Amino acid sequence: MKAVRIHQFGGVEVLRYEDAPRPVPGPGEVLIRVHAAGVNPVDWKIREGRLQGRISHHLPLTLGWDVAGVIEQPGPGVTQFNVGDAVYARPDLARDGAYAEYIAVRASEAALKPKSLDFIHAAAVPLSALTAWQSLFDAGDLQPGQKILIHAGAGGVGHYAVQFARWKGAHVVTTASARNASFVRSLGADEAIDYTATRFEDAVRDMDMVFDTVGGEVQARSWKALRQGGILVSILALTVPGEAEQHGWRSAYVFVQPNAAQLTRIAELIDAGKVKPVVENVFPLHEAARAHAAVQGGHTRGKVVLRVAD
Ligand SMILES: NC(=O)c1ccc[n+]([C@@H]2O[C@H](COP(=O)([O-])OP(=O)(O)OC[C@H]3O[C@@H](n4cnc5c(N)ncnc54)[C@H](OP(=O)(O)O)[C@@H]3O)[C@@H](O)[C@H]2O)c1
């Protein structure tokens with residue numbers, strides 16, 4: 001099969017479109033014929049070797065941990081899927097990914113894809129939407145009527161977070177550059193702060209939750225926006241773990257986990273018209289390097305997706 005793999009860590013030039021062995025689904029796994037693969041910042045971070053201390057990757061490695069496709073072959077013991085089912089998944093980051101014509105994933109990581117979406121849009125959902133869901137609802141326990149500040153509401157994770165928070169009935173404030181102000185409002189944000197012109201911590205106070213998708217100094221400045229007892233949920237490293245608690249705030253770090261039950265719930269919300277993925281750009285599989293350059297630039301709106309098959 002064709003795949004985009006790396007044989008060494010490095011820049012976009014290490015991405016190779018080449019022949020690779022077709023995976024064989026083991027017990028409890030399914031072989032998916034990939035139609036589309038979502039592109040996420042973790043893809044270029046792994047390509048550069050930045051997660052090496054955390055995940056031991058074998059080389060060559062197929063990148064890409066967002067997939068939408070069709071069940072080609074259920075492995076031994078798999079009863080919940082049949083050949084031909086249209087599914088989506090956020091597979092295990094430690095294994096070969098979805099920049100390929102086929103991927104083997106644990107059946108427990110996959111769910112039926114939203115019926116209302118094509119494969120391109122379905123591949124834009126799992127990793128980012130699960131991250132937003134697990135941050136807002138599992139770590140943050142967001143409640144109706146609460147006030148949340150979501151950083152980077154126009155981004156891959158942020159644009160789901162804004163929609164989920166709105167659906168939950170929270171008051172949603174988000175940061176975005178001016179060109180994305182109407183975009184984030186269309187997703188359901190009550191207020192958009194142009195972070196290039198205004199210091200957000202001067203504009204908002206007494207938030208019940210801050211969802212940090214940027215990290216660094218944005219995270220450091222975010223505490224001021226919280227009420228006493230409020231929580232900062234970050235998907236980037238907490239710069240000073242434990243410090244917040246000394247000042248009466250709470251904090252949590254989230255590293256997204258595969259979760260088929262949550263993917264099924266998210267598919268219901270999408271099919272009910274409550275949430276929609278936004279795809280800014282689609283590239284063919286062999287142009288993965290262009291997709292990486294776009295995502296690594298840090299200013300894409302919504303998601304970037306690779307088209308693998310029609
Ligand atoms: N821990 C986990 O499990 C986990 C899971 C997913 C992602 N992540 C990490 O979370 C980060 C975000 O991921 P993503 O997929 O959402 O990224 P993304 O889609 O590449 O984010 C791009 C967006 O960020 C906005 N942005 C950039 N700088 C900003 C700033 N200072 N303030 C506000 N908005 C800003 C841009 O909007 P403008 O163009 O308007 O500036 C753009 O829309 C990445 O570092 C990723 O690796 C972690």
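The values are calculated or read from the model by the stated rules, or taken from the named source; none is laboratory data. The structure displayed is predicted, hence computed values, not measured ones. Note: ideal-geometry Cβ built from the backbone for every residue, glycine included; neighbour counts use all protein chains shown.
Please work out which residue is nearest to the ligand (Cβ to nearest atom), limiting yourself to the stretch 268-308 and to residues that are touching a Gly at 6+ places or on another chain (Cβ under 6 Å) and within 17 Å of TRP133 (Cα to Cα).
Across the stretch 268-308, the extreme among qualifying residues is LYS303.
Looking only at the stretch 176-235, filter to residues that are in a loop (DSSP other than H, G, I, E, B) and within 9 Å of the ligand (Cβ to nearest atom); which one of those is farthest from ALA139 (Cα to Cα)? Give the steps one after another, and end with the answer.
Within the stretch 176-235, the first condition is being in a loop (DSSP other than H, G, I, E, B), and the residues that meet it are 177, 188-190, 195-199, 204-206, 213-215, 235.
Next cut, within 9 Å of the ligand (Cβ to nearest atom) only: 177, 195-196, 213-215, 235.
Details: SER177: 27, TYR195: 25, THR196: 29, THR213: 14, VAL214: 17, GLY215: 17, ILE235: 11 Å.
Checked the stretch 176-235; the qualifying residue farthest from ALA139 (Cα to Cα) is THR196.
For GLY145, state whether it is within 23 Å of VAL42 (Cβ to Cβ) and not in a strand (DSSP E or B).
So GLY145 fails the test.
Could you tell me which residue of the stretch 252-262 is nearest to the ligand (Cβ to nearest atom), considering only residues that are in a loop (DSSP other than H, G, I, E, B) and in contact (Cβ under 8 Å) with a residue 24 or more places away in the chain?
VAL256
Quick check: is even one residue across the stretch 236-251 surrounded by fewer than 19 Cβ atoms within 10 Å (Cβ to Cβ) and in contact (Cβ under 8 Å) with a residue 40 or more places away in the chain?
no
Hey, can you tell me all the residues within the stretch 146-170 that are more than 6 Å from the ligand (Cβ to nearest atom), touching a residue at least 60 places away in the same chain (Cβ under 8 Å) and β-branched (Val, Ile, Thr)?
Taking the stretch 146-170 as the starting set, the residues that turn out to be more than 6 Å from the ligand (Cβ to nearest atom) are 146-150, 153, 159-170.
Still in the list and also touching a residue at least 60 places away in the same chain (Cβ under 8 Å): 146-150, 159-160, 163-164, 167.
Hits for the stretch 146-170 are ILE148, ILE150.
Being of a type in the set (Phe, Trp, Tyr) and not assigned by TED's automatic domain parsing to the domain that holds GLY84 is the filter here, so list the residues in the stretch 111-158 that pass it.
Result: TRP133, PHE137.
Just to be sure before I move on: is VAL210 surrounded by fewer than 22 Cβ atoms within 10 Å (Cβ to Cβ), touching a strand residue (DSSP E or B) at 6+ places or on another chain (Cβ under 8 Å) and modelled with pLDDT of 95 or more in the structure I sent?
In short, no.
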